[in-house]
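Asks: Could you have a look at this structure, given as structure tokens, before my questions?
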Amino acid sequence: MISALLWIRKGAAAEQPEKYELDDREYERISKLTAAQVETAKSELENHEAKMESDPELESEVKMTDVKSDPELESHEVKMVDENNNPELLEYNLEQYDEEDEEEGQPMSIFGNVKGLTYYASNEEDPYITLNDEDDESDDGRILATDSVLVAAKTEDEISQLEIYVYEDSQDNLYVHNDIMLPSFPLCLEWLDFRLGRKESLEGRGNYIAVGTFEPEIEIWDLDVSDSMYPDAILGSPNKERKKKKKKKKPNSEHHTDAVMGLSWNKHHRNLLASSSADTTVKLWDLQSLKCAHSYDHHKDKVQQVEWHLIEPTIMLTASFDKTVVVFDSRAPNNVASWNIGNADPECVRWDPFSPQYFYVSTESGLVLCFDARNSDKIEPVFTLHAHDAAVTSLDVNRLVRGCMITGSTDKMVKVWDIKDMKPTIVTSRDLGVGKVFAAQFCLDLPFHLAVSGSGGNVHIWDLSTNAGVRSSFKESISAPFESNISTVDKTVSVLQDEESEHDDDNDDDDNEIDLEEIDNDSGDDV
């Protein structure tokens with residue numbers, strides 16, 4: 001399955017990602033970051049050895065297991081002895097078969113007795129080879145300024161990773177450029193350009209991805225480096241004292257103690273990153289010091305998402321399983337405005353980019369609610385939309401087209417809505433074949449391109465401009481006119497999957513559920 005998606009603006013990625021090198025400096029950096037985990041492993045080993053010494057019976061059982069003979073191994077050894085003593089095989093002298101050529105002093109040639117064969121030490125010396133291998137290799141990994149980059153958090157067979165896709169919209173080509181292994185199931189992604197880690201002293205802006213998982217730490221990876229072995233930075237405690245998993249994890253003011261469920265980077269104050277967690281807190285991180293600058297505890301249950309305001313650099317929006325959404329100023333956290341969303345847990349929150357006083361909340365009951373942040377005394381939402389019959393797991397508002405909103409649900413449907421004048425009407429809907437939809441997001445550079453993924457484990461790019469209903473509803477909502485010769489058939493692009501990984505979503509509904517309680521086996525809380 002793919003649990004999260006994130007578009008990256010064109011031109012943000014380096015044209016030629018650099019290769020990861022494990023030199024002495026990098027080894028020293030990794031040693032410092034992993035020092036706490038090494039200490040924890042050593043302490044667990046010491047505790048195990050102490051337990052073995054204090055329990056003689058357990059130690060004797062282990063020794064008896066080690067010396068116990070293996071019948072299959074013994075039969076194999078007897079079989080080998082019989083084969084070596086077989087007179088039919090002895091005449092071939094198989095034990096010295098590889099040494100015969102060396103004793104005769106005549107090395108064997110793969111070309112037999114061919115004489116006068118000309119060969120060159122390298123392709124550069126061969127006049128018949130005109131292509132340069134180095135140029136071919138460098139072209140393979142290039143990311144052009146016209147290419148869009150998409151990051152997907154994918155989990156398959158209990159192995160989680162980030163897949164970095166490159167999308168060439170002019171050719172409708174989508175392919176995986178490289179991937180990054182993750183230690184735990186990913187829940188959220190956020191892009192940032194503040195330089196840190198190995199490149200903190202360099203000028204200019206970087207290209208980083210922050211990842212929240214079931215672990216309480218936040219990993220930040222450099223996307224301009226391929227084949228990385230370790231993140232450039234880790235926010236939060238490495239849990240030095242995590243010896244036994246506890247059912248109840250108490251909040252901590254310096255780091256998260258449970259899964260990180262939401263991330264939001266402040267585009268105005270670029271060294272600030274906000275995170276929400278299952279430990280009921282929202283934390284503000286300083287990317288310069290890589291430490292928690294402030295911890296907010298205005299919620300009483302797990303905090304599903306956090307979003308910085310698009311214009312006001314200190315305003316945050318949070319949604320929690322305590323059935324409330326809160327807007328507050330990070331400088332005065334005690335003064336909060338709160339709205340109740342009913343009896344359902346929240347799934348997604350988004351600010352309206354064209355009317356930033358409004359924000360939208362989707363719920364697990366299939367509703368989308370719109371609130372006015374200016375009217376904190378008004379409990380009722382501006383509108384309530386029954387978007388789906390199942391949980392609305394994806395919600396996004398187009399930043400290039402006014403009044404265009406999309407929703408995705410576990411009912412496998414993706415719907416496009418016209419919300420101009422706060423009167424939502426459906427434009428079109430479609431089952432893209434990704435299974436239960438877990439992530440859907442508009443491209444930041446292409447106004448009508450939408451990335452969708454879900455339980456099927458693949459990514460689809462849907463070009464909404466090929467839909468007649470979309471063209472009719474939003475033809476006056478963007479500055480660039482629609483092309484006159486555009487296709488009238490809905491167009492999608494996806495990465496081809498192996499036949500073994502393809503499956504029938506209709507017959508595999510139960511297996512495609514994201515059972516977070518089952519995934520988080522080490523935690524007593526179900527996120």
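Asks: Given a 1.4 Å probe, how much area per residue of the stretch 216-357 is accessible, in Å²?
Replies: About 43 Å² of surface per residue is accessible.
Asks: Could you give the Stokes-Einstein D for the stretch 242-343 in µm² per second, using the C-alpha Kirkwood radius, 25 °C, 0.890 mPa s?
Replies: Once the numbers are plugged in, D ends up at 177 µm²/s.
Asks: Can you give the accessible area per residue of the stretch 170-211, in Å², using a 1.4 Å probe?
Replies: Accessible surface, normalised per residue, equals 46 Å².
Asks: Please find the FRET efficiency linking Ile30 to Ser338, where r is the Cβ-Cβ separation and R0 is fixed at 45 Å, and quote it to the nearest 0.05.
Replies: For Ile30 and Ser338, the calculated efficiency is 0.55.
Asks: On average over all directions, what projected area in square nanometres does the stretch 344-488 have, based on the convex hull of its Cα atoms? Don't skip to the answer; put the middle values down first.
Replies: Working: hull surface 34.3 nm².
For the stretch 344-488, the mean projected area of the Cα convex hull comes to 8.6 nm².
Asks: Over the heavy atoms of Asp431, what accessible area does a 1.4 Å probe trace out, to the nearest 10 Å²?
Replies: 80
Asks: Same structure again: Exceeding 21 Å between C-alpha atoms, which entries from my cross-link table qualify? They are Lys250/Lys291; Lys10/Lys423; Lys250/Lys300.
Replies: The pairs that break the limit, which is 21 Å between Cα atoms, are Lys10/Lys423.
Asks: Okay, moving on. Using r as the Cβ-Cβ distance of Thr425 and Lys291, and R0 as 51 Å, what FRET efficiency do you calculate, to the nearest 0.05?
Replies: Working: r = 47 Å, r/R0 = 0.93.
Plugging the Cβ-Cβ distance into 1/(1 + (r/R0)^6) gives 0.60.
Asks: Now, a different point. With labels modelled as points extended 7 Å from the Cα through the Cβ direction, what inter-label distance (nm, one decimal) is found for Asn123 paired with Ser170?
Replies: 2.6
Asks: In nm, give the distance between the simple-model label positions of Ile311 and His48, each being 7 Å from the Cα along the Cα-to-Cβ direction.
Replies: It works out to 5.9 nm between the two label points.
Asks: Let me ask something else about it. Evaluate the Debye formula for the stretch 286-337 with equal point scatterers sitting on the alpha carbons, no solvent, and hand back log10 of I(q)/I(0) at q = 0.16 Å⁻¹, in q order, two decimals.
Replies: For the stretch 286-337 at q = 0.16 Å⁻¹, log10 I(q)/I(0) is -0.49.
Asks: What is the spin-label model distance, in nm, from Thr466 to Lys19 if the labels are put 7 Å beyond Cα along the C-beta direction?
Replies: 3.9
Asks: Just to make sure I understand: if all protein chains stay in place, what is the order of Asp224, Asp411, Asp389 by accessible area at 1.4 Å, largest first?
Replies: The residues order as Asp389, Asp411, Asp224, largest area first.
Asks: Here is a follow-up. Quick one: net charge of Ala153's neighbours, Cβ under 12 Å, K/R +1, D/E -1?
Replies: On the way: positive: Lys154; negative: Glu156, Glu163, Asp179, Glu190, Glu219.
It works out to a net charge of -4.
Asks: Now for a separate question. For the stretch 316-406, what log10 I(q)/I(0) values come out of the Debye formula at q = 0.15, 0.25 1/Å, with one point per alpha carbon and no solvent?
Replies: At q = 0.15, 0.25 Å⁻¹ the computed log10 ratios are -0.54, -1.38.
Asks: Contour minus end-to-end for Thr40 and Tyr92, with contour as 0.36 nm per residue of separation and end-to-end as the Cα-Cα distance?
Replies: 13.0 nm
Asks: Could you tell me what % of all Cα pairs in the stretch 143-207 have separations over 13 Å?
Replies: Percentage above 13 Å: 70.
The values are calculated or read from the model by the stated rules, or taken from the named source; none is laboratory data. Quick caveat, the model's predicted, so the values are computed rather than measured. For neighbour counting, all protein chains shown are included, and Cβ atoms are generated from backbone atoms with ideal geometry for every residue, glycine included. Just so you know, the surface numbers come from the protein's heavy atoms only, side chains and all, with ligands and any DNA or RNA stripped out. Shrake-Rupley method; radii C 1.70, N 1.55, O 1.52, S 1.80 Å.
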